[in-house]
């Protein structure tokens, strides 16, 4: 009887010792930010931010331009409210597919959360390359079938470009966000706008 108890005790100690490294690995994985969004497969916010920091540092050395596009979908809440979250998820996936088709490597399309997306464009020779991507995304928007309904994909798209060493990540995203709000103010359909000083002044006056 004593031997059984001792054997059980030894097994328990060994088992605990084996489980501890597994638990530590699992905890480390839980703390590590996801690289991709689980629904759409686009890059995660953490990956977007890290990529932007690396790109801006590299661009300052190589003399290249960088750009960020901020996109906010139009009418998404109405889809969720009237057709349900499953249909809303399908709309998000369809929107992500548009970004995947339009944003080529080394560009990075990201889902920031909800119906908000962003695009990181790197190694640009001139700002017009960013404008071309925004126009391409806008042109690719259109109706998609969700269940038995036809849903129009539309979004406001804001574009901000940084010359080599000009802007920080936060400044670039801030400018793209202001331009996105400007685009959404132009109408319910897909519009895109580029950050300019006048956009900054309008936002300050409205605050």
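The values are calculated or read from the model by the stated rules, or taken from the named source; none is laboratory data. These figures come from a predicted structure and were not determined experimentally. Counting neighbours? That spans all protein chains shown, and the Cβs are built from the backbone with ideal geometry, glycine included.
Here's the yes/no breakdown for (1) more than 13 Å from the chain's Cα centre (by Cα); (2) more than 18 Å from residue 144 (Cβ to Cβ):
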residue: 62; (1), (2): yes, yes
residue: 72; (1), (2): no, no
residue: 75; (1), (2): yes, no
residue: 94; (1), (2): yes, no
residue: 108; (1), (2): no, yes
Output for the stretch 179-207, where each listed residue is assigned to a helix (DSSP H, G or I) and at pLDDT below 85: 197, 198, 199, 200, 201, 202, 203, 204, 205, 206
Index of the failed condition, residue 11 passing every other in (1) at pLDDT 90 or above; (2) surrounded by 10 or more Cβ atoms within 10 Å (Cβ to Cβ); (3) farther than 27 Å from residue 135 by Cα: (1)
Members of the stretch 115-142 found to be without any contact (Cβ under 8 Å) to a residue 24 or more places away in the chain and within 23 Å of residue 76 (Cα to Cα), listed by number: 139, 142
Selection count where residues are in contact (Cβ under 8 Å) with a residue 40 or more places away in the chain and at negative phi, scope the stretch 63-87: 14
Out of 92, 108, sole residue that is closer than 18 Å to residue 43 by Cβ and touching a residue at least 60 places away in the same chain (Cβ under 8 Å): 108
Wholly within the stretch 61-178, helices (runs of 4 or more DSSP H) carrying at least 2 residues that are crowded, with 19+ Cβ neighbours inside 10 Å and in contact with a strand residue (DSSP E or B) (Cβ under 7 Å, 6 or more places away or on another chain): 85-102, 128-140
